[in-house]
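Notes follow the structure.
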Amino acid sequence: MSTTDKQQIAEATVRSMIAKGATAADMRAALGKGAHLVLSGALKRLGAKPSKAGTVKGKFTAYADDTTFSI
């Protein structure tokens with residue numbers, strides 16, 4: 001599976017979870033290993049808006065466990 005395929009799957013998962021009102025912790029659990037990096041990129045590509053500001057850590061943004069998102 002290519003990186004692009006993985007990104008598309010992650011974006012679809014994140015989009016679905018945002019629609020259900022899932023928290024950042026729920027999304028990280030669903031995405032599995034490396035989720036903090038994948039989640040940040042997927043949220044940026046989707047243009048998702050967080051309910052709380054995240055903390056920029058290098059190449060990704062960390063969000064508190066109880067943060068929700070809207071598109």
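Kindly indicate whether Thr61 is closer than 24 Å to Thr4 by Cβ, polar (S, T, N, Q) and in contact with a helix residue (DSSP H, G or I) (Cβ under 9 Å, 6 or more places away or on another chain).
It is true that Thr61 is closer than 24 Å to Thr4 by Cβ, polar (S, T, N, Q) and in contact with a helix residue (DSSP H, G or I) (Cβ under 9 Å, 6 or more places away or on another chain).
Give region 1-29 a look and list any residue that's of a type in the set (A, V, I, L, M, F, W, C), within 21 Å of Lys57 (Cβ to Cβ) and out of contact with any helix residue (DSSP H, G or I) (no Cβ under 6 Å at 6 or more places or on another chain), or say none.
Result: Ala24, Ala25, Ala29.
Taking interchain pairs and intrachain pairs at least six residues apart, which have beta carbon atoms under 7 angstrom, with the first residue in region 42-71 and closer than 17 Å to Ala29 by Cβ and open to solvent by less than 80 Å² (accessible area, probe 1.4 Å) and the second of a type in the set (Phe, Trp, Tyr) and in a strand (DSSP E or B)?
Close Cβ pairs (under 7 Å, with a partner that is of a type in the set (Phe, Trp, Tyr) and in a strand (DSSP E or B)) amount to Leu43/Phe69.
Quick check on my filter: what residues within region 1-41 are of a type in the set (Lys, Arg) and surrounded by 12 or more Cβ atoms within 10 Å (Cβ to Cβ)?
Answer for region 1-41, where residues must be of a type in the set (Lys, Arg) and surrounded by 12 or more Cβ atoms within 10 Å (Cβ to Cβ): Lys6, Arg15, Arg28.
The values are calculated or read from the model by the stated rules, or taken from the named source; none is laboratory data. Everything quoted here is computed from the prediction, not taken from an experiment. Reconstructed Cβ throughout: ideal geometry from the backbone, glycine too, with neighbour counts over all protein chains shown. With ligands, DNA and RNA removed, areas are computed over all heavy atoms of the protein, side chains included. Shrake-Rupley method; radii C 1.70, N 1.55, O 1.52, S 1.80 Å.
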